[in-house]
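The values are calculated or read from the model by the stated rules, or taken from the named source; none is laboratory data. For clarity, every value in this text was computed on a predicted model and none was experimentally measured. Cβ atoms come from the backbone with ideal geometry, glycine included; neighbour counts cover every protein chain shown. Please note that ligands, DNA and RNA were not included when accessible areas were found on the heavy atoms of the full protein model with its side chains. Shrake-Rupley method; radii C 1.70, N 1.55, O 1.52, S 1.80 Å.
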Amino acid sequence: MEDLAGTWKLERISSRAYQHPADRAATAALQKVPYLDQVVRRLVALGYERALRAASLGSAVRLGQDQLPGIWVLHRQVFHSLDIERVPDLYMTQFPLANAYTIGTDKPIVVLNSELIRILDDDGRRVVLAHEAAHVHSDHVLYRTALLILLQIGSSARLPLLAGLPLLAIQYALLEWSRAAELSCDRAAAVVTRDPSAVCRALMTIAAGEAAEDLNLDAFIAQGMDYSEGGSGIERLTKLFQDLRLSHPMPVRRVRLLLDWVHEGDYDRIVRGDYLRVGQEGSARDEADAASSFYGERISAAFQQAGSSISEAGQQFGDWLKRNRAE
């Protein structure tokens, strides 16, 4: 196919090859919450995903060979690079915030906001599309779709079907996981584009929103290196509340963590072809690390912030599932 000519493929690459330890640990922590996966899948089965998809597609334009073909080609190329044969449909919608998202558990779709296309050049668009492709490759789509559903229906918590669910607790826990999952996809975007600086530049442009050609990438990278999760007192408390409802980590933090990973050498090893392939992954237990207990505590804290506990939420999940069994 002509639009794939000259592109490269990471044959049979496993998502574990670029997975951030925080993503692995946060995912493991979520999976230990009783019944959470069943509740998430049931929410999807009850039609909330279809409603979210319809709302997205009703105000979007599907891209392809006849609609912005240049962007469609970039989309095909990044999926090819991650050795994913099934390329999701790509849509663009008018929205004044630069963002993109992927929804759909069985048949994912990728949606780009028009502002994202406006402020990014082709290198930046490739970064964003590679990032979204990594969400598909990493099987992030179920939890991401559930999070989008909860963010959309959060103000409708009195819907009869949702009665008895600790929605805020689920939302906080999924947001904590989402912030970790984003770090894996930043790594994948760097590998797919073979240009970590392009990922940093895209994050800088999205953060600034304007005048990207006048921004200084070196200064933004230095800003990222200065950013710290430390501090004490009001500074630390401010960061905690700032992060609480965010689905993505702060852009400067993402830049710092990405460049730390590049400097550690894993990026170069993957580009050289030295990476974990599908079927070579160890068990989750084999890959346990110090981050596991840390993120276990973070997920537990997310439930506590919503006025619940994991054991109480598990009981509520179980009761809700009994009342809402599939026909």
Mind checking the angle between helix 21-31 and the chain's longest principal axis? C-alpha axes, 0 to 90 degrees, to the nearest 10.
30 degrees
With no solvent term and unit scatterers on the alpha-carbon positions of the chain, Debye gives log₁₀ I(q)/I(0) at q = 0.09, 0.12, 0.15 Å⁻¹ of -0.48, -0.88, -1.39
With each pseudo-label sitting 7 Å past Cα toward Cβ, what's the A55-L215 distance in nm, one decimal?
2.8 nm
Portion, in percent, of the accessible area of the stretch 56-148 that falls on carbon or sulfur, probe 1.4 Å
48 percent
Order by protection proxy (mean Cβ within 10 Å, highest first), peptides 135-141, 198-204, 247-253
198-204, 135-141, 247-253
Other-chain or far-sequence residues with amide H under 5 Å of L63's (modelled H):
L90, Y91, M92
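Could you please put R118, R269 in sequence from largest to smallest accessible area, using a 1.4 Å probe? Before the final figure, lay out the partial values.
Details: R118 135, R269 85 Å².
The residues order as R118, R269, largest area first.
Hey, what's the Cα Rg ratio for the stretch 30-182 versus the globular rule of thumb, 2.2 N^0.38 Å?
Numbers: Rg = 16.0 Å, N = 153, 2.2 N^0.38 = 14.9 Å.
Its radius of gyration relative to the 2.2 N^0.38 Å reference: 1.08.
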With labels modelled as points extended 7 Å from the Cα through the Cβ direction, what inter-label distance (nm, one decimal) is found for Q38 paired with Q315?
1.7 nm
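With a ≥ b ≥ c taken as the square roots of the eigenvalues of the C-alpha gyration tensor of the stretch 1-93, please select rounded if a/c is under 1.5 and otherwise prolate if a/b is larger than b/c or oblate if it is not? If you can, show how the numbers build up before the last one.
Numbers: a/c = 3.22, a/b = 1.28, b/c = 2.52.
It comes out oblate by the Cα gyration axes.
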Starting from the Cα of A163, step 7 Å along the direction of its Cβ; do the same at L97; then give the gap between the two resulting points in nm.
3.2 nm
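Give me the number: length gained by fully extending Q280 to I84, i.e. 0.36 nm times residue separation minus the C-alpha to C-alpha distance, one decimal in nm.
Values: separation 196, 0.36 × 196 = 70.56 nm, distance 1.75 nm.
Extending this stretch completely gives an extra 68.8 nm.
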Mind telling me which of A133, A181, A51 comes out most flexible in a GNM of the chain, alpha-carbon contacts under 10 Å?
A51
Going from most exposed to least, what order do R323, R24 have by accessible area with a 1.4 Å probe?
R323, R24
In whole angstrom, how far apart do the alpha carbon centroids of the stretch 246-281 and the stretch 128-207 sit?
17 Å
State, in angstrom, two size descriptors of the stretch 93-226 derived from its alpha carbons: Rg to one decimal place and Dmax to the nearest whole number.
16.6, 52
For the chain, size of Cβ-based charge dipole, Lys and Arg +1, Asp and Glu -1, in debye
1140 debye
Which residue fluctuates most in the GNM of the chain (Cα springs below 10 Å): D268, D226, D37?
D226
Working from Cα positions, state the angle (0 to 90°, nearest 10) between the long axis of helix 196-208 and the longest principal axis of the chain.
60 degrees
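Quick one: work out the % antiparallel among DSSP beta bridges in the stretch 56-183, nearest 5.
Details: 9 of 14 bridges.
Around 65 percent antiparallel, to the nearest 5.
With r as the distance between the Cβ atoms of S197 and R272 and R0 = 25 Å, compute the FRET efficiency 1/(1 + (r/R0)^6) and round to 0.05.
Working: r = 19 Å, r/R0 = 0.74.
Efficiency, from the Cβ-Cβ distance: 0.85.
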For the chain, longest principal axis from Cα atoms; helix 122-137 axis from its Cα atoms; angle between them, nearest 10 degrees, is 40 degrees
Give the shape of the stretch 48-121 as rounded, prolate or oblate, defined through the alpha-carbon gyration tensor: a ≥ b ≥ c are the square roots of its eigenvalues, a/c under 1.5 means rounded, and otherwise the shape is prolate if a/b is larger than b/c and oblate if not.
oblate
How far is the Cα center of the stretch 51-82 from the Cα center of the stretch 298-326, in Å?
36 Å
For the chain, with a Gaussian network of springs between Cα atoms less than 10 Å apart, report the residue from A130, A222, A28 with the top mean-square fluctuation.
A222
